[in-house]
């Protein structure tokens with residue numbers, strides 16, 4: 001009997017080392033990172049006057065962060081908002097969804113060792129903590145989602161983006177291609193474009209040096 005027990009135990013294969021985390025095909029996570037952990041960092045503020053990422057690039061309608069509610073977006077929040085958005089737009093044939101941000105920042109959480117501590121009430125030292133989830137930083141004025149294609153009407157896009165906005169932890173606004181770019185909480189007017197021939201001639205005459213009599 002002891003011989004049979006030892007024989008069966010020898011046939012059980014135990015892996016030497018299991019992977020720390022696995023990435024599914026539908027999971028919002030980077031495929032490869034240079035470092036396992038990263039600094040917490042801060043939400044970027046456009047102090048230099050850049051308006052990049054505050055206007056539409058691909059779609060006809062979009063969802064943009066408004067106010068001072070900029071924060072960190074987790075991959076779970078982005079996935080739930082994207083799922084709700086695609087479920088609502090499934091009835092529109094040819095409609096597309098673009099996600100303008102991607103969670104590529106690893107967030108580590110330090111679990112308290114003693115049961116008397118709760119939350120972040122941990123003692124100093126003993127390392128940074130283990131990996132918990134992926135996240136991304138969304139500053140004020142940042143476009144999160146864009147929709148368009150398939151002859152999508154504005155009322156349908158507005159309703160779908162309203163459902164997706166309920167999954168996000170900050171205030172958002174509905175924008176169109178006519179929306180002005182944002183610099184924090186400020187709306188930046190677009191430069192004046194001259195397209196008329198008479199306006200071009202008048203501008204050239206105004207810019208030409210005047211001759212003294």
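Within the set 52, 76, 110, the sole residue that is in contact (Cβ under 8 Å) with a residue 40 or more places away in the chain and surrounded by fewer than 18 Cβ atoms within 10 Å (Cβ to Cβ) turns out to be 76.
Among the residues of segment 147-170, those that are at negative phi and in a loop (DSSP other than H, G, I, E, B) comprise 152, 153, 166, 167, 168, 169, 170. So is residue 174 in contact with a helix residue (DSSP H, G or I) (Cβ under 7 Å, 6 or more places away or on another chain), surrounded by 19 or more Cβ atoms within 10 Å (Cβ to Cβ) and not in a helix (DSSP H, G or I) or not? Judged against the criteria, residue 174 is not a match.
Rundown of residues vs (1) under 25 Å from residue 44 (Cα atoms); (2) at pLDDT 95 or above; (3) touching a helix residue (DSSP H, G or I) at 6+ places or on another chain (Cβ under 7 Å); (4) surrounded by 16 or more Cβ atoms within 10 Å (Cβ to Cβ), yes/no style:
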| position | (1), (2), (3), (4) |
| --- | --- |
| 140 | yes, no, no, yes |
| 145 | yes, yes, yes, yes |
| 151 | no, no, no, no |
| 160 | no, yes, yes, yes |
| 170 | yes, no, no, yes |
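Here residue 197 meets each of (1) modelled with pLDDT of 85 or more; (2) surrounded by fewer than 16 Cβ atoms within 10 Å (Cβ to Cβ) with one exception, condition (1).
A count restricted to segment 85-99 and to residues that are under 18 Å from residue 165 (Cα atoms) and either surrounded by fewer than 18 Cβ atoms within 10 Å (Cβ to Cβ) or free of Cβ contacts under 8 Å to residues at least 40 places away in the same chain (or both) stands at 6.
The values are calculated or read from the model by the stated rules, or taken from the named source; none is laboratory data. This one's a predicted model, so the numbers in the text were calculated from it and none came from an experiment. Note that each Cβ is placed from the backbone with ideal geometry, even for glycine, and that neighbours are counted across all protein chains shown.
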